[in-house]
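Colleague: Could you have a look at this structure, given as structure tokens, before my questions?
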Amino acid sequence: MATTTSSDHHLPKQGWYKRNEIAITPWLFLIPGMLMFAIYVIYPIIQSFNISLYKWNGLGTLADNAKYVGLANYEKLLFRDGKFETALINNLKWLILYLLAIPAGLLIAIFLNQTVRGIRLYKSMFFFPFVISQVVVGLVFTWFYDPQYGLFNGIIGIFGIEPVNILGDRNLATYGVIAAGLWPQTAYCMILYLTGLNAVDPEQVEAARLDGAKGHKMLWYVIIPQLKPATFIAFVVTIIGALRSFDLISVMTNGGPFGKSTLVLSFYMYEKALGEFGLKMGYAAAIAVVLFLIMLVFIGYFLWSMYQDEKAAKH
């Protein structure tokens, strides 16, 4: 039988919060952020799904001034809209080519992760594209591609190549805009990898050197596995950036040339909702839902892959 000392009777009785402090305190920090996320992210997503089921011009309330059409917006979008097909293909081009920012950012980060003279200046130069706005990037590259006075045609003219009107060519315009987008995106990936390289375990690197690993083997088998968290964030941010590309399209081509050559889903959504012949909120919401589902597939895949890797590492 347990015995109690006289001092036990004088201990203050702990309240419910004090007994559960360790379990409750993290939730007190998380709840405000979760509420904001629910109000400003989850609720608008649900609202977009709802609006996409109506034919609505955005004026008045949905209940009073909208006509319920069910999945008619999606049917038209997926099977009878040539512009949507063009926008989807262009988004796939963005997605594939934008991923080049990840290895480019890694290589630049490895180059900058050295202690040599003048490295801070190099870091500043590579960091610069990240801190300027997409609108400025678009204007800079519009001047760069200018067929008469642009630096691009001046450079290729040195090699005897005729001037090229990149933004005026329906076959080249999309690639020209993607190249402009890769400039700041590569800088962002570089920053992520520079942060990740600071966390690389030097003991593992030293052990690998003693085993004779160097060059690409050191990079592939020792450095890159330790950069998985940075790589995951780089993939997610790059995919989202590729799929929501809007600013550069608006500044550099406005969806053209020839009306739709550089059209992407986010810009097409804007055209349908707020463009000159827009005010089709239900149809624009359907485009937004399709774009969201595409993002969800890619991000869900990477989350699942990362979860599986962590699960395998524990076992």
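Colleague: Quick check on my filter: what residues within region 33-91 are surrounded by fewer than 12 Cβ atoms within 10 Å (Cβ to Cβ), β-branched (Val, Ile, Thr) and more than 24 Å from the chain's Cα centre (by Cα)?
Modeller: Residue satisfying the conditions is Thr61 alone.
Colleague: On to the next question. Assess whether Thr253 counts as being crowded, with 16+ Cβ neighbours inside 10 Å and over 23 Å from Leu296 (Cα atoms).
Modeller: yes
Colleague: With (1) free of Cβ contacts under 8 Å to residues at least 24 places away in the same chain; (2) within 30 Å of Phe277 (Cβ to Cβ); (3) outside any helix (DSSP H, G or I) as the list, and Thr115 as the residue in question, which single condition is left unmet?
Modeller: (2)
Colleague: So Gly60 ticks every box in (1) under 30 Å from Thr262 (Cβ atoms); (2) touching a strand residue (DSSP E or B) at 6+ places or on another chain (Cβ under 9 Å) but one. Which box is left unticked?
Modeller: In the conditions (1) under 30 Å from Thr262 (Cβ atoms); (2) touching a strand residue (DSSP E or B) at 6+ places or on another chain (Cβ under 9 Å), Gly60 misses (1) alone.
Colleague: Kindly check whether there is at least one residue in region 123-138 that is farther than 27 Å from Ile287 by Cα, in contact with a Phe, Trp or Tyr (Cβ under 8 Å, 6 or more places away or on another chain) and modelled with pLDDT of 90 or more.
Modeller: No: zero hits.
Colleague: Here's another thing I want to ask about it. Among the listed residues Lys93, Lys83, identify the single one that is assigned to a helix (DSSP H, G or I), touching a Ser or Thr at 6+ places or on another chain (Cβ under 8 Å), charged (D, E, K, R) and modelled with pLDDT of 90 or more.
Modeller: Residue meeting the stated conditions: Lys93.
Colleague: Do any residues in region 133-153 that are touching a residue at least 24 places away in the same chain (Cβ under 8 Å) and in a helix (DSSP H, G or I) have Cβ atoms under 7 Å from those of residues that are among the acidic types (Asp, Glu) and surrounded by 14 or more Cβ atoms within 10 Å (Cβ to Cβ), where the two are at least six apart or on different chains, and which pairs are they?
Modeller: Within 7 Å, the pairs are Gln134/Asp247; Val135/Asp247; Gly138/Asp247.
Colleague: Right, next: Suppose we keep only residues that are within 27 Å of Phe258 (Cα to Cα) and of a type in the set (Gly, Ala, Ser) within region 158-202. Which one would you say is nearest to the chain's Cα centre (by Cα)?
Modeller: The selected residue is Gly181.
Colleague: Determine which single condition Gly105 fails, assuming it passes every other condition in (1) modelled with pLDDT of 85 or more; (2) surrounded by fewer than 18 Cβ atoms within 10 Å (Cβ to Cβ).
Modeller: Only one criterion is unmet by Gly105, namely (2).
Colleague: If I ask for residues that are assigned to a loop (DSSP other than H, G, I, E, B), over 25 Å from Ser52 (Cβ atoms) and of a type in the set (Ser, Thr, Tyr), which ones from region 227-261 would you list?
Modeller: Passing the criteria: Thr253, Ser261.
Colleague: Would you check if there is a residue in region 238-253 being under 30 Å from Val135 (Cα atoms) and of a type in the set (Lys, Arg)?
Modeller: yes
Colleague: State which residue pairs qualify: first residue under 21 Å from Cys189 (Cα atoms) and inside region 206-231, second residue surrounded by fewer than 12 Cβ atoms within 10 Å (Cβ to Cβ) and modelled with pLDDT under 85 in any location, beta carbons under 7 Å apart, and separation of 6 or more residues or different chains.
Modeller: Close Cβ pairs satisfying both conditions: Gln226/Asp201.
Colleague: Anything in region 174-226 that is among the charged types (D, E, K, R) and assigned to a helix (DSSP H, G or I)? List them, or say none.
Modeller: Once the filter is applied, which keeps residues that are among the charged types (D, E, K, R) and assigned to a helix (DSSP H, G or I), region 174-226 yields Glu203, Glu206, Arg209, Lys217.
Colleague: Which residues, taken from region 101-123, are hydrophobic (A, V, I, L, M, F, W, C) and closer than 30 Å to Ile240 by Cβ?
Modeller: Ala101, Ile102, Ala104, Leu106, Leu107, Ile108, Ala109, Ile110, Phe111, Leu112
The values are calculated or read from the model by the stated rules, or taken from the named source; none is laboratory data. Values in this document were obtained by computation on a predicted structure and should not be read as measured data. No Cβ is skipped: glycine too gets one built from the backbone with ideal geometry, and neighbour counts run over all protein chains shown.
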